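Inspection log for the structure reproduced underneath, given as structure tokens.
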Amino acid sequence: MPAASPSLYAGVVVDTPLTRVFHYRVPEELSSRLAPGDRVQVPFAHRRVHGVVVSLTPEPPIDPAKIKPILSASPEAERIPPDILELTRWIGNYYRCSWGTALAAATPAGIKHDKHLVRRRHVRLLIDPGEAEEQAGKLASRAPQQAATLRTLLAVLSEEEAPGGLLHLDHPRLDGVVNPAALRALSARGWLALGDTEGLPPAETSFPEVEKTITLNPEQAAALERLLSALDQGVFAPFLLHGVTGSGKTEIYLRLISRALAQGKSALVLVPEISLTPQTVSRFRNRLGDLAVLHSRLSDSGRAAEWRRLRSGEVRLAVGARSALFAPLENLGIIVVDEEHERSYKQETAPRYHARDTALVRARLAGAVALLGSATPSLESWHNVKLGKLELLSLTSRAGPATPPRVEVIDLRQEWADVKKPTLFSRDLERHLGQCLEKHEQAIIFLNRRGFHTQIRCGSCGDVLFCAQCDIAMTHHRQAGKIRCGYCGEEKDVPELCPACGSPALKFGGSGTERVEDVLQRIFPRARTLRMDSDTMTNRDSHSQALAAFAGGAYDILLGTQMIAKGLDFPNVTLVGVLMADAALGRSDFRAAEHTFQLVTQVIGRAGRAAKAGLAVVQAFQPGHPAIRFAVEHDYAAFVAAETQDRARHSYPPFGRLARIIVSGRERRQVEERAKQLGQAARKTMPGKYRLLGPAPCEVERVEANFRHHLLIFAPDNRAIATWLDAMAIKYGEDGGIRVILDIDPASLQ
Ligand code: ADP
Ligand code: ZN
Ligand code: ZN
């Protein structure tokens, strides 16, 4: 027996809902190099599972005879950095999920499930297809395998429309078809290159950026100076940058990040949804050079490749949506959360973290500057300014020559009464649109509803066509010739008869973007309209390509849903039309007014962003509602004052904290019963002045055939929520066909 070296034991967190840390023995061959953050494979309940080492001790924490060994460990280059370990632990505690669940969300699948050695191989043709074809012909008799392989590659490359492109060898048409020896031989001839650099990030559309030397205006300069001095100090400093749309916030991010990179630090930029903000990404790349773009449409291997580039320090700037928060950057100088008010920062599956709030925690752990930016800050962040938790920086006017757009409000009730019928375009909006087109300027038309008609009602029995699985009206999509459920995606042919009574008298009503396109076509037959909604934007690059085409002047009108509300900066857009600004006000969510205010402000802000003056026409049924009125008046402070009163009166967030418990299942009675029990447990343990709403059915009670009921618990602060939840001692997860979910700081109450 070799001389016994001192044993080492590792605390390992595995990807399960179990909150415990499990202990394993470190085998000798790993003992010199294993460290917290290493991913390992361990035996777990007769299986092999992935886990992450979170601690190492020389003492066996339990009877050493019962401790099993670690089976394998990832290379040091893939070690999860210490602040991500700490951050995920915080997420587990705060959002009440297991550390393992949080760690799993923080590690890209391509890294997590990498078998350490298996790399995705690819091949690229180095000669042109014509020559390859010729060579294949010559090889056919001498080396039939090579000829066949070459021909297969050519066929797949042309199918993929990627003659100069790269093919992964696990491509379904190649896997097991092409001969590895033949590939090597072809590569030795210099005709093709084999590699394993993993999927390259998809090509990005670049937007023409007008080269301009920008001199910061005094407000921008003051904000930047404050931020730079915080950055230079190298300690945690959280800011809220409140700048009206087009005030030059992005310009500040760029300069701040540029300084951080020059100091050898790294930087992280979170944006709400990367596919919706290709322009922003393009600006960052143009100004700051190489960066890692992390978005949901990257392949696993592409994401893993970006993760490795960041981990190795090859790139020090990451831009991405929510989960980019976990980018493995060391020596972090700055985290920017752009459009910090966006709901998409909240993850709606476990771990249900809010990326904006968690970004503040990461910045604190890293001693970095945290910069939350918005034209319409969330009430939560505004409240944090009042509490002194965020330092406020303001940009009150548009940057450069641009002035805020003029806004005209149309009262749709009046308009419809005047013209004696419901119309999508008021007379005023139609006139302005006509003028805009005549001047060869561009317009943006916004309606937050998809489809052609949004409702189908039977004229005989009055029934509305609902999804069979969800409590939601089916939408009519005329082009596709289908009716569709916006929740579960269920699709059916358009019925000719009422499914309830058999009458043919079906009435189609309510308008979505598809119908608006149709109407536009009729009023302005020569105008070129680009419609963007999740029906038309289906493949990987369609967003950025479509937006680039619009930017390049290939269209006159951009029509769309909320997809077009954010981050777009087109100098030739001088008119914005909001068709039904208050469409979402009726929702039973205490944030409905806030969301409406934000959306309307953002959309209006797309007009007149450069030298040409902008006009926004806002149509609404309740133009006097604070959410509409103050958006139209560009008066954030007045909206916040009105909204704050409402929230405070009901102790809704930000006045106190909210947690939501959702019960769902196939059997309505069981769901009701379980929700009632939880309600009783909550009432019994409820401390004095706290509040409980429900149990009650969710706004849309049934989704994908599951009934959903919820409880909302309100307490003064997070600790109070935690104590209360502890006292309730609820078992979350699935049990007997009933699922119980906990959502801390829920963003949606649907
Ligand atoms: P925001 O991020 O606040 O919406 P941007 O940073 O996108 O604003 O700026 C809006 C437009 O104004 C951009 O085209 C930007 O290049 C330009 N811009 C920003 N700052 C200035 C400035 N000080 N002078 C002139 N133009 C500016
Ligand atoms: Zn009927
Ligand atoms: Zn459905």
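No value in this document is a laboratory result; all are computed from the given coordinates. Just so it is clear, the model here is predicted, and its values are computed rather than measured. Don't worry about glycine lacking a Cβ; one is built from the backbone with ideal geometry, like all the others, and counts go over all protein chains shown.
A few notes on this one:
- The stretch 443-469-the stretch 691-747 distance, computed between alpha-carbon centres (Å): 31 Å
- Inter-centroid distance (Cα atoms) of the stretch 391-407 relative to the stretch 212-252, Å: 14 Å
- Taking each residue as 0.36 nm, the span from D726 to E134 lengthens on full extension beyond its C-alpha to C-alpha distance by 205.8 nm.
- Cut-off under 5 Å, modelled amide H: who pairs with H23 long-range: V12
- Out of every Cα-Cα pair that the chain contains, those further apart than 50 angstrom amount to 21 percent.
- Given their separation in residues at 0.36 nm each and the Cα-Cα distance between them, Y487 and A155 gain 115.6 nm when the chain is fully extended.
- Computed from phi, the 3J(HN,Hα) profile of the stretch 133-145 under the Karplus parametrisation 6.51, -1.76, 1.60 (θ = phi - 60°) reads 4, 4, 4, 4, x, 5, 7, 3, 8, 6, 9, x, 4 Hz, with x in place of Gly and Pro.
- The distance separating the Cα centre of the stretch 625-656 from that of the stretch 45-116 comes to 44 Å.
- The aspartates and glutamates within cross-link reach of K439, meaning a Cα-to-Cα straight distance under 18 Å and a gap of 8 or more places when in the same chain, are D428, E430, D556.
- Rounded, prolate or oblate (a/c below 1.5 giving rounded, otherwise prolate when a/b exceeds b/c) for the stretch 366-413 by Cα gyration tensor: oblate
- In this Cβ point-charge picture (+1 for Lys and Arg, -1 for Asp and Glu), the chain has a dipole of about 1060 debye about its Cα centre.
- More than 22 angstrom apart: percent of Cα pairs within the stretch 492-646: 52 percent
- In terms of Cα atoms, the Rg and Dmax of the stretch 604-750 work out to 20.2, 63 Å.
- Amide H partners (placed H, <5 Å) of L395, local residues excluded: H242, G243, V244
- Each residue of the stretch 363-378 was assigned a 3J(HN,Hα) from its phi angle through the Karplus expression (A = 6.51, B = -1.76, C = 1.60, θ = phi - 60°), giving 4, 5, 4, 8, x, 10, 7, 10, 10, 8, x, 5, 8, 9, x, 4 Hz with x at Gly and Pro.
- Multiplying the residue separation of S460 and D411 by 0.36 nm and removing their Cα-Cα distance gives an extension gain of 14.4 nm.
- The helix-only estimate of mean residue ellipticity at 222 nm for the chain, built from DSSP H runs of length n ≥ 4 each weighted as -39500 (n - 2.57), is -10000 deg cm²/dmol after division by the residue total.
- 5 angstrom amide H check on C498, placed H, neighbours 5+ away: S503, A505
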